[in-house]
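Asker: Have a look at this one before I ask anything.
The values are calculated or read from the model by the stated rules, or taken from the named source; none is laboratory data. Remember, it's a predicted structure, so these values are computed and weren't measured experimentally. Here Cβ is always computed from backbone atoms with ideal geometry, including for glycine, and neighbour counts include all displayed protein chains. Heavy atoms of the whole protein, side chains included, go into the accessibility calculation; ligands, DNA and RNA do not. Shrake-Rupley method; radii C 1.70, N 1.55, O 1.52, S 1.80 Å.
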Amino acid sequence: MLKLTVGLLTAAALALLLDWYAPSTPAPLPVGHRRRHRPPEPVPGAEAANLLWVVQVSDIHISRFRDPKRVSDLEKFCSETIDIIQPELVLATGDLTDAKTRDKLGSEQVEAEWKTYQSILKRSRVMEKTKWIDIKGNHDSFNIPHLDSVHNYYRKYSVWRKDGSFHYIHTTPFGNYSFICVDATLSPGPKRPYNFFGILNMNQMKELSLMATESLKSNHTVWFGHFPTSTIISPAPGIRTLMSSATAYLCGHLHTMGGLMPVLHSQHHGGTLELELGDWMDNRRYRLLAFDHDLLSFADLNFEEWPVVLITNPKSFLYSSSVHEPLDKILYSTHIRILAFSPSVIISIKVYIDEVHLGNADQVSGPLYVLKWSPQNYREGFHHIDVTVQDASGRISTRSHIFAMEENLSLRFAFWPSVILLADHYVLARVLFGLIVLTQIALLVTFRYLQKPVLKEKPGLLTLTSYSLHVFSKTNTFYYSILALNLYTILGPWFVGELVDGQMGACFSFGLFVGGTFLQGSLTFVVGILQMLFFNLPLMAYLCWCLLLRCQGHSFCSHFHHVQRLVSVVVHLAMALLLAWQVYSCYFLQRTYGTLAFFLSPMRTWLVVLTSALIYKTWTLKSPELRTYIVEMKNCQSS
């Protein structure tokens, strides 16, 4: 019965987790907003009308020190790719420059990188071809004391040049489209790595709320920013609630998680799509997004891969939202609609539905190709559309997706991308960090005051582990040292130094104090978790093991002869590697925040000294308490 209960509870928990982090689509319609059963007008047909497309590029990372091809490729993108696609709008969503030092450890705004970025835009004359909106990312805010600083090169060399969030309205003959920028970059902007998360304060949230209200008059609203919502700290009601009237939120920042997550898309519970775009820096990714009769479609693309294909009708069911889009238009449409772009002439566009060839699409105007169809034939269940495009150079590209017209069907976004985009990671990190620290403190205090058991026979592994914890916790030197270390990890400043050049600051687990401003903790909790899991806890375990060997009558040299040598070597080597990591952290701190931070760092430099002293103490300790344990252990081993 117990196993059955546990199994049912586990299954229920997994179901709730999947429901929350792998939302289904389309989102349910609110009461009073059910789909109409009369033909909506206008519907997707054979005319080149009611069609708007834009391009997004993110995480460009123009660098003075590495990969000069980023620069030449970006110039080719601006001069050739934009010429071919001819978007009405380009959104460059942050990290325009790299802002790292040559050794990749330090960070600073490099004016030469900004001049290179500006020169690319000027030489390509891209601003004459389209509306170019570029916004800041966390790299564009590294080491900036305040927005009026002369080192805030974004104001001097970008196209937009205005700090803060804003609302841009794009006007077309068939309606207005709102684009709301979320600027969550930090001010002051600390050096790396402690500005990985964005922060919005109450005033910024009020501004965004007003923009969201203004945008309700538009056909559609698209929010865009550098940070995914999971990496934005915002006060109640939260950034996702604020953008719930938006059709989509476009962002970057995560760089496909180093290639582990090439697709990072999900959907908020209110129906807003969250679409993270892979980086330009290493992957040369960009996005084509279109509104066709107010139906949103998009494709994430690789630079110089032609032809570019986007099916705008019927649109993908996975990326549909009945709250924000007139999905009825698909059912009443008369033509399949496709956008196709290539440097060469498009010679063939073959359309297949459910592996049945429907025919070849014909060009209407520019990049729009259409094929007459009967959507009523596909009104039940899921269907698969494939479009294969060939150009005069022999290049072939295929685009496909699943579409459907029934209300009661659903598809789920992948679980891990949804967790990455929808979980509030700073909250999870804060909770996990607190639990780990409190667990170690509870372990210390419990064994400190728990009565030590009497050893009566040859003890097993579990008994020896418990015994070593008793010895450790009841020996004042080690108990108070590790207890103080854990309390300090939560409460004390980890280091004091120039978090921004010319401005002293202090780093705590719960945030940063710099330039008279407090920045909430986010990545600090992640660093704290790593510190606990890969140093504080292993250090305590290592010291317990050393003390147990002392209790068994061994010295540092003699234990190699009486304990399995391989085990001893592995344990000491593991601790040596962790200590080496701690030493490297001291070096990283010095390179990142300066020499003063290196010396005023209790959690890095001082901890290396403390660790060395504690390890030395375990092998040289000669206290009456330890002699008692040694006698007890010898009596147990001889019985």
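Asker: Which fully enclosed helices (runs of 4 or more DSSP H) of the range 33-131 have 1 or more residues being open to solvent by 10 Å² or more (accessible area, probe 1.4 Å) and without any contact (Cβ under 8 Å) to a residue 40 or more places away in the chain?
Answerer: Working: elements: 69-76, 82-85, 111-124, 126-129.
So the answer is 69-76, 111-124, 126-129.
Asker: Could you please find all residues in the range 196-209 being without any contact (Cβ under 8 Å) to a residue 60 or more places away in the chain and under 28 Å from Val54 (Cβ atoms)? Outline the logic, then answer.
Answerer: So in the range 196-209, the residues without any contact (Cβ under 8 Å) to a residue 60 or more places away in the chain come out as 200-209.
Correct list: Leu200, Gln204, Met205, Lys206, Glu207, Leu208, Ser209.
Asker: Here is a list: Leu464, Leu435. Which entry is outside any loop (DSSP other than H, G, I, E, B) and either within 30 Å of Leu254 (Cβ to Cβ) or of a type in the set (Gly, Ala, Ser) (or both)?
Answerer: Working: Leu464 fails: either within 30 Å of Leu254 (Cβ to Cβ) or of a type in the set (Gly, Ala, Ser) (or both).
Every option except Leu435 fails the conditions.
Asker: Consider the range 310-329. How many of its residues are part of a strand (DSSP E or B) and either open to solvent by 10 Å² or more (accessible area, probe 1.4 Å) or under 16 Å from Pro375 (Cβ atoms) (or both)? Spell out the reasoning first.
Answerer: Restricting attention to the range 310-329, the residues satisfying the condition of being part of a strand (DSSP E or B) are 310-313.
After this cut, where a residue has to be either open to solvent by 10 Å² or more (accessible area, probe 1.4 Å) or under 16 Å from Pro375 (Cβ atoms) (or both) as well, the list is 311-313.
Result for the range 310-329: 3.
Asker: Given the conditions (1) open to solvent by 40 Å² or more (accessible area, probe 1.4 Å); (2) out of contact with any helix residue (DSSP H, G or I) (no Cβ under 7 Å at 6 or more places or on another chain); (3) in the same structural domain as Phe534 (by the TED database), and given that Gly434 satisfies all but one, which numbered condition is not satisfied?
Answerer: Failing condition for Gly434: (1).
Residue-by-condition table, conditions (1) within 17 Å of Val308 (Cβ to Cβ); (2) part of a loop (DSSP other than H, G, I, E, B); (3) without any contact (Cβ under 8 Å) to a residue 24 or more places away in the chain:
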| position | (1), (2), (3) |
| --- | --- |
| Ile349 | yes, no, no |
| Tyr369 | yes, no, no |
| Glu380 | no, yes, no |
| Ser393 | yes, yes, no |
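Asker: Identify the residue in the range 167-192 that is farther than 16 Å from Val514 by Cβ and open to solvent by 50 Å² or more (accessible area, probe 1.4 Å) and, among all such residues, is farthest from the chain's Cα centre (by Cα). I'd like the intermediate steps shown before the answer.
Answerer: Within the range 167-192, the subset farther than 16 Å from Val514 by Cβ is 167-184.
Filter again for open to solvent by 50 Å² or more (accessible area, probe 1.4 Å), leaving 169, 171, 173-174, 176.
Working: Ile169: 28, Thr171: 32, Pro173: 37, Phe174: 36, Asn176: 31 Å.
So, considering only residues that are farther than 16 Å from Val514 by Cβ and open to solvent by 50 Å² or more (accessible area, probe 1.4 Å), the one farthest from the chain's Cα centre (by Cα) is Pro173.
Asker: Every residue in the range 193-227 that is closer than 27 Å to Phe588 by Cα and crowded, with 22+ Cβ neighbours inside 10 Å, please. Steps first, please.
Answerer: Going through the range 193-227, the residues closer than 27 Å to Phe588 by Cα turn out to be 193-199, 226-227.
Within the range 193-227, Tyr194, Asn195, Phe197, Gly198, His226, Phe227 meet the criteria.
Asker: Could you tell me which residue of the range 228-272 is surrounded by the fewest Cβ atoms within 10 Å (Cβ to Cβ), considering only residues that are without any contact (Cβ under 8 Å) to a residue 12 or more places away in the chain and among the hydrophobic types (A, V, I, L, M, F, W, C)?
Answerer: My answer is Ala236.
Asker: Of all residues in the range 330-341, count the ones that are open to solvent by 20 Å² or more (accessible area, probe 1.4 Å) and within 38 Å of the chain's Cα centre (by Cα). Let's see the steps before the verdict.
Answerer: If we filter the range 330-341 for residues that are open to solvent by 20 Å² or more (accessible area, probe 1.4 Å), which is where we start, we get 331-332, 334-335.
Going one step further and asking which of them are within 38 Å of the chain's Cα centre (by Cα), we end up with 331.
Qualifying residue count, the range 330-341: 1.
Asker: Exactly one of these conditions fails for Gly359: (1) open to solvent by 30 Å² or more (accessible area, probe 1.4 Å); (2) in a strand (DSSP E or B); (3) touching a residue at least 12 places away in the same chain (Cβ under 8 Å). Give me its number.
Answerer: Going through (1) open to solvent by 30 Å² or more (accessible area, probe 1.4 Å); (2) in a strand (DSSP E or B); (3) touching a residue at least 12 places away in the same chain (Cβ under 8 Å) one by one, Gly359 breaks only (1).
Asker: A further question on this structure: Please find, among Gln531, Gln582, the residue that is within 16 Å of Ile436 (Cβ to Cβ), in the same structural domain as Leu469 (by the TED database), in a helix (DSSP H, G or I) and of a type in the set (S, T, N, Q). Quick ask: steps written out before the conclusion?
Answerer: Values: Gln582 fails: within 16 Å of Ile436 (Cβ to Cβ).
Exactly one residue qualifies, and that residue is Gln531.
Asker: Output the number of residues of the range 467-510 satisfying the condition of being free of Cβ contacts under 8 Å to residues at least 40 places away in the same chain, open to solvent by less than 40 Å² (accessible area, probe 1.4 Å) and part of a helix (DSSP H, G or I).
Answerer: 3
Asker: Evaluate the range 543-559: report whether one residue or more is assigned to a helix (DSSP H, G or I), without any contact (Cβ under 8 Å) to a residue 12 or more places away in the chain and open to solvent by 20 Å² or more (accessible area, probe 1.4 Å). Give the steps one after another, and end with the answer.
Answerer: First, pick out the residues of the range 543-559 that are assigned to a helix (DSSP H, G or I): 543-551, 559.
Still in the list and also without any contact (Cβ under 8 Å) to a residue 12 or more places away in the chain: 559.
Narrowing further to those that are open to solvent by 20 Å² or more (accessible area, probe 1.4 Å): none.
So far as the range 543-559 goes, no, none of its residues is assigned to a helix (DSSP H, G or I), without any contact (Cβ under 8 Å) to a residue 12 or more places away in the chain and open to solvent by 20 Å² or more (accessible area, probe 1.4 Å).
Asker: Could I ask something else about it? Looking only at residues in the range 393-409 that are at pLDDT below 95 and surrounded by 15 or more Cβ atoms within 10 Å (Cβ to Cβ), which one is nearest to Leu264 (Cα to Cα)?
Answerer: Leu409
Asker: In the range 574-590, how many are hydrophobic (A, V, I, L, M, F, W, C), open to solvent by less than 70 Å² (accessible area, probe 1.4 Å), in contact (Cβ under 8 Å) with a residue 24 or more places away in the chain and within 19 Å of Tyr542 (Cβ to Cβ)? Talk me through it step by step, then tell me what you get.
Answerer: As a first pass, look at the range 574-590 and keep what is hydrophobic (A, V, I, L, M, F, W, C): 574-581, 583, 586, 588-589.
From what is left, the residues that are open to solvent by less than 70 Å² (accessible area, probe 1.4 Å) are 574-576, 578-580, 586, 588-589.
Subsequent filtering for residues that are in contact (Cβ under 8 Å) with a residue 24 or more places away in the chain retains 574-575, 578-579, 588-589.
Restricting the remaining residues to those that are within 19 Å of Tyr542 (Cβ to Cβ) gives 574-575, 578-579.
Residues meeting the conditions: 4.
Asker: Kindly check whether there is at least one residue in the range 475-488 that is farther than 30 Å from Leu626 by Cα, of a type in the set (A, V, I, L, M, F, W, C) and not assigned by the TED database to the domain that holds Gly106.
Answerer: There is no residue in the range 475-488 that is farther than 30 Å from Leu626 by Cα, of a type in the set (A, V, I, L, M, F, W, C) and not assigned by the TED database to the domain that holds Gly106.
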